[in-house]
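Asks: The following block contains the structure, expressed as structure tokens.
Quick note: the coordinates plus some simple rules give every number you see, no bench work behind them. Bear in mind that the values here come from a model prediction, so they are computed numbers and not experimental data. All Cβ positions, glycine included, derive from the backbone under ideal geometry; neighbour counts span all protein chains shown.
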């Protein structure tokens, strides 16, 4: 039941609140779901409709005797400032939109609202409309904060059928801010007309933290072939300023026109993005930048860092397979390899590097950029086509294009990377041989404790650091305890 407005004199209201210790409006209540019905007593819809701010919705799986709640009468609207929907930890509970509606919609435009979803699988949400504006969030939409934990978002769509100005974003979810951990966003799609289309899987506008999670096999598409951020897109409407952290996570198999895996836009004020101990792999862009786009304003308000990470096997069907950079970028102890650009349409002169193409200053430290190609065989690892400063040291770059001066002391030999595989830790990596040119030739200026694989895999062994995201050795001792 919703909290009632207090119509008594102010003194009486205060006395009543003090008598119970807390104002009635913020005393939390647990609302229990007891069946899988679409509506009615004991249903999820009823529990949320009766919730007040601060309440938690839980599921009595013993009474429910079912594992799927299918919404047949539209999305569930949430009109409170704070709500937790706590799924069962010991079993899987699926909430589906019946391919007919979004699943959860936090009403209003209040950036301060908070929705927490834990241990749930949310599937088959769909928003289909012809609108001049923007359609958002195939399964979940909130203009506030979404905290997503140990959950899966899958099979969701947002489709704007309006040809001109038909904007769409967040095929799986759209949130102003997002805090996502131990979760999966997969097989979702955003489709627009001749307008903005962003984030086949995830779209955010402000602070975003993605930790130990996977965003995979999502797609964004539009009629003008300028859709972007197949997996993840952040801040396309220039109102936010919060940073983005992607930590110990995987962005893979996503598809769009520009920025197959990730696109990061500038905001109303400076923004920062950090990709840390993560793998961006196997993403596709029908135009350019199969892996990542950092799309900054001329004032260069984005600061980007890639640390202990792997960008591998991404493909741009016009140009740039790995990273297209327009931000202030630092790449440290990372591997950019086996990305491919095609030699058709826009890239017949091969002037855009297939691995890392940067239009602004870049610092490279102890990183491998190798085996990136235009077409199947033409080596094309690094360039800055308009002469930005590239600085740093202790790197291995096999092929720096002719318009870009290679860093002094850069190694150019084949690092002999193994295939992308599970070598330990939460993300896939390219293992190094113990006799290759990258062995012991790097640095650890950031004093990293581990390589990309995380705890138990030293960043430096026997007093030496390998170039790239993978450290050879037995994976037992941390630096300083060799």
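Asks: Can you pull the three principal axis extents for the Cα set of the range 315-434, in Å, largest first?
Replies: Result, largest extent first: 38, 29, 25 Å.
Asks: Pulled fully out, how much extra length does the chain show between residue 68 and residue 403, if you take 0.36 nm times their separation in residues and subtract their Cα-Cα distance?
Replies: Length gained between residue 68 and residue 403: 114.8 nm.
Asks: Most exposed first by the Cβ proxy, i.e. fewest other Cβ within 10 Å, how do 145, 224 rank?
Replies: On the way: 145 21, 224 14.
In order of increasing Cβ crowding within 10 Å: 224, 145.
Asks: Rounded to the nearest 0.05, what FRET efficiency is calculated for residue 164 and residue 107 with R0 set to 25 Å and r the Cβ-Cβ distance? Spell out each step's value before the answer.
Replies: On the way: r = 28 Å, r/R0 = 1.13.
Efficiency at R0 = 25 Å is approximately 0.35.
Asks: At a 10 Å Cβ-Cβ cut-off, how would you order 139, 36, 66, fewest neighbours first?
Replies: On the way: 139 32, 36 19, 66 13.
By the 10 Å Cβ count, ascending, the order reads 66, 36, 139.
Asks: Please give, to one decimal in nm, the separation of the simple spin-label points placed at residue 224 and residue 435, each 7 Å out from Cα toward the Cβ.
Replies: Once both label points are built, they end up 5.6 nm from each other.
Asks: Then there's this: Fewest Cβ neighbours within 10 Å first, please rank 207, 255 accordingly. Could you put the intermediate results ahead of the total?
Replies: On the way: 207 18, 255 23.
Ascending Cβ contact count within 10 Å gives the list 207, 255.
Asks: For residue 446 paired with residue 77, estimate the spin-label separation in nm (one decimal), with each label point 7 Å from Cα along the Cα-to-Cβ line.
Replies: Here the modelled spin labels are 4.6 nm apart.
Asks: To continue, here is another question. For the range 391-482, what size does the Cα cloud have along each of its three principal axes, sorted from largest down, in whole Å?
Replies: Each principal axis gives a Cα extent; for the range 391-482 these are 42, 27, 22 Å.
Asks: While we're looking at this one, here's another question. Taking every pair of distinct Cα atoms and averaging 1/r, then inverting, what Kirkwood hydrodynamic radius in Å comes out for the range 211-282?
Replies: Values: mean 1/r = 0.0796 Å⁻¹.
That comes to 12.6 Å for the range 211-282.
Asks: Once the Cα atoms of the range 152-287 are picked out, what are the Rg and Dmax in Å?
Replies: Using the Cα atoms of the range 152-287, the pair Rg, Dmax is 13.2, 40 Å.
Asks: Follow-up. According to a simple spin-label model (label point 7 Å from Cα along Cα-to-Cβ), what is the distance in nm between residue 30 and residue 132?
Replies: 5.0
Asks: Something else: Restricting to bridges with both residues inside the chain, how much of the DSSP beta-bridge set is antiparallel, in percent to the nearest 5? Can you show the working numbers first?
Replies: Details: 6 of 153 bridges.
For the chain, the DSSP antiparallel bridge percentage is about 5.
Asks: D for the range 74-430, whole µm²/s, Stokes-Einstein with Kirkwood Rh over alpha-carbon pairs at 37 °C and 0.692 mPa s: what number?
Replies: Values: Rh = 19.9 Å.
After rounding, the answer is 165 µm²/s.
Asks: Quick one, can you get me the convex hull of the C-alpha atoms of the range 82-231 expressed as volume per residue in Å³? Walk me through the numbers before you get to the answer.
Replies: Numbers: hull volume 13.2 nm³, N = 150.
In the range 82-231, the Cα hull volume divided by residue count equals 88 Å³.
Asks: Could you tell me how many degrees, from 0 to 90 and to the nearest 10, lie between the Cα long axis of helix 10-20 and the main elongation axis, the longest principal axis, of the Cα atoms of the chain?
Replies: That helix lies at roughly 70 degrees to the long axis.
Asks: Return the calculated 222 nm mean residue ellipticity for the chain, to the nearest 500 deg cm²/dmol, obtained by summing -39500 (n - 2.57) across DSSP H runs with n ≥ 4 and dividing by the residue count.
Replies: On the way: 3 runs with 21 residues, N = 482.
Helix contribution divided over all residues of the chain: -1000 deg cm²/dmol.
Asks: A follow-up question, please. Relative contact order (percent) for the range 74-430, with alpha-carbon contacts under 8 angstrom and 6 or more residues of separation?
Replies: 8
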